[in-house]
Amino acid sequence: MLVLVINCGSSSVKYQVRDTEGATEDAQVIAKGLIENIGTKIPNHTAALELMAKDLEEPLHGKTIDAIGHRIVHGGDVFSQPVIIDESVIEKIDELSPLAPLHNPAHVQGLKAATATYPGVPQVAVFDTAFHATMPEHVFRYAVPENFYTDYGVRRYGFHGTSHDYVTGIAADFLGIERSEFNAVVAHLGNGASITAIEDGKCLDTSMGYTPLAGLVMGTRSGDIDPSVLTSVLMQDSTMTTERLDTILNKESGLLAIAGNNDMRTVVDAMEAGDERAKLALDMTSYRVAKYIGGYNVAVGGAQALIFTAGIGENSHQFRTLVTDRLGALGIKIDEEANKVRGDHARIISTEDSAIPILVVPTNEEKAIAEATVELVAA
Ligand code: ADP
């Protein structure tokens, strides 16, 4: 099946056409691209998708798209699975906009534009939050007054679910463990980063919360902080606004705030050159990851594997070492030779006497979305 995978942001559209029957990743990816400047040079999402359809004419050689899969950030507690798009689904995604004000409105534009550009082609929504729907209530609730939850939907949702789900499946297969009996900790470390506790193949807990700001120290996001920091700054600085605080915590914190740069390669290079700020930033970041790994090991009653994925998790052997060097108490040991080998497939990077294997598993959200789309459309 030829599946068009679309990720619509407010000013950009990322897309990939995949042939789900292709034997290899190269054979599956028929075309991909990015259209930017929506709202400035390109008037709207419909115009962007028309441009995309033009760009696709040549690589498609007259073949038609069989189905469209959309990456949707927030499914709230409405969507716990991918769904076929119809008008009521679009409406519900729109209604969830207060939970993801930057993303869901753009997705709705993208869904409407795709319907206009590809009339009659079945479309599927795949939600970043869906995989985390299995978290039990004592994990997803915050200890705040009940009406925060009932009136505003204040609870932990979790994100990067498509990636955590995909990587969990690959790792279980690779290790020859039945997924339904697989306990693991999955660290998705990119510019945005989250870590998930997997129990019996499902999500038990995850580090992102009500929004993707919670949890790990990220490229530009603070991760967990004491919420009183916010009220205190607001009370002490009369020029501070809630909007400004939101920008600071999401875009000016994390590695960027401590090391002066949000790119892991640059920060690692700086640390190796003796930069003290870079060292502190990497210590803070790796310490936080290690602390979650410890906690999630307890949560799942002992993980059978530790899995690294995404830009940093797949590529930065230095950062993996910084994290795993803190895991001695768990008997988890990295093999420095294996750790340095680059690869585009799942592999083990721990020593033979490590208590559990450490894996690097490349994530592939587009592939996962295409597969989920085919599964629903074929049914
Ligand atoms: P996102 O999808 O959240 O924007 P990515 O998964 O693309 O992020 O990860 C981006 C991060 O991965 C950056 O910090 C970047 O420095 C890091 N990264 C990418 N390639 C490498 C590499 N070869 N070595 C080390 N870090 C890398």
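No lab work stands behind these numbers, since they all come straight from the coordinates. Computed from a prediction, not measured in an experiment: that's the story for all the values here. Using ideal geometry, Cβ is built from the backbone for each residue, glycine included, and neighbour counts are taken over all protein chains shown.
The chain gives an Rg/Rh value of 0.97, both radii derived from C-alpha positions and Rh following Kirkwood.
Placing a label point 7 Å from the Cα of GLU137 along the Cα-to-Cβ direction, the residues of segment 146-160 whose backbone N falls under 16 Å from that point are 146-151, 153-156.
Principal axis extents of the C-alpha atoms in segment 124-184 (largest first, rounded to whole Å): 45, 28, 13.
Put a plus charge on the Cβ of each Lys and Arg, a minus charge on the Cβ of each Asp and Glu, and nothing anywhere else: the dipole of segment 176-360 about its Cα centre is then about 140 debye. Note: relative contact order over segment 1-152, using C-alpha pairs below 8 Å and six or more positions apart, is 26 percent. Of the trypsin sites (Lys or Arg not before Pro) found in segment 57-117, those that fall in a DSSP loop while having at most 13 other beta-carbon atoms within 10 Å are LYS63.
Electrostatic tally near VAL17: other residues with Cβ closer than 14 Å to its Cβ, Lys and Arg +1, Asp and Glu -1, net -3. Paramagnetic label reach from ALA31 (point 7 Å along Cα→Cβ; backbone nitrogen cut-off under 16 Å): within segment 106-129, residues 114, 117-119. A straight chain from THR241 to GLU337 at 0.36 nm per residue would run longer than the Cα-Cα distance by 29.6 nm.
Beta bridges assigned by DSSP with both partners in segment 2-127 are antiparallel in approximately 60 percent of cases. In this structure the amide hydrogen of ILE85, modeled in the peptide plane, comes within under 5 Å of the amide hydrogens of GLN123, VAL124, ALA125, none closer than 5 places in sequence on its chain. Helical runs assigned H by DSSP (4 residues or longer) give the chain a calculated mean residue ellipticity at 222 nm of -12500 deg cm²/dmol, each run adding -39500 (n - 2.57) before division by the residue total. Stretching TYR287 away from ASP224 to a fully extended chain increases their span by 21.4 nm, per 0.36 nm per residue minus the current alpha-carbon distance. Around the Cα centre of the chain, unit charges on the Cβ atoms of Lys, Arg, Asp and Glu (plus for the first two, minus for the last two) sum to a dipole of about 540 debye.
For segment 2-127, a Kirkwood hydrodynamic radius built from all Cα pairs, placed in the Stokes-Einstein relation at 37 °C and 0.692 mPa s, yields a translational diffusion coefficient of 222 µm²/s.
Set the Förster distance to 41 Å, then compute FRET efficiency between ARG179 and ASP353 from the Cβ-Cβ distance, nearest 0.05. Approximately 0.95, to the nearest 0.05.
Here the relative contact order of the chain, from alpha carbon pairs under 8 Å that lie six or more residues apart, stands at 16 percent.
Just how far, in whole angstrom, is segment 151-197 from segment 264-339 if you go by their alpha carbon centroids? Computed from Cα coordinates, the inter-centre distance equals 17 Å.
The packing ranking, built from the mean of other Cβ atoms within 10 Å per residue, places the peptides 193-203, 236-246 in the order 193-203, 236-246, highest first. Projected label points at ASP344 and GLU252, each 7 Å from Cα along the beta carbon direction, are separated by 4.1 nanometres. For segment 176-360, taking the reciprocal of the average inverse distance between every pair of different Cα atoms yields a Kirkwood hydrodynamic radius of 17.2 Å.
Each of ASP94 and GLU57 was given a label point 7 Å from its Cα along the Cα-to-Cβ line. The distance between the two points is 3.2 nm. Can you figure out the FRET efficiency of VAL144 with ASP86, using R₀ = 30 Å and their beta-carbon distance, to the nearest 0.05? Calculated transfer efficiency: 0.30. How about segment 134-211: which chymotrypsin sites (Phe, Trp or Tyr not before Pro) there lie in a loop by DSSP and see at most 14 other Cβ atoms within 10 Å? Listed in order of number, the matching sites are TYR142.
Relative to a virtual label point 7 Å from the Cα of MET1 in the Cα→beta-carbon direction, which members of segment 338-379 show backbone nitrogen distances below 13 Å? Only 368-379 pass the distance filter. For MET218, what is the net charge nearby, where nearby means another residue's Cβ is under 14 Å from its Cβ and Lys, Arg count +1, Asp, Glu -1? Computed value for this residue: 0. Given 20 °C and 1.002 mPa s, compute D for segment 147-232 with the Stokes-Einstein relation, Rh being the Kirkwood radius over Cα pairs; round to the nearest whole µm²/s. My calculation gives 152 µm²/s for D. Of interest is the spacing of the C-alpha centroids, which for segment 1-48 and segment 60-128 amounts to 13 Å. Taking the DSSP beta bridges in the chain as the whole, what percent of them are antiparallel, to the nearest 5? Roughly 60 percent of the beta bridges in the chain run antiparallel, per DSSP. For segment 176-360, the share of DSSP beta bridges that are antiparallel, to the nearest 5, is 65%. Ranked by the mean number of other Cβ atoms within 10 Å of their residues, highest first, the peptides 85-91, 248-254, 3-9 come out as 3-9, 248-254, 85-91. Among all lysine pairs in the chain that are eight or more places apart or on different chains, how many have alpha carbons less than 14 angstrom apart? So the count of such lysine pairs works out to 6.
Just so you know, the averaged projected area of the alpha carbon convex hull for segment 261-379 sits at 9.4 nm².
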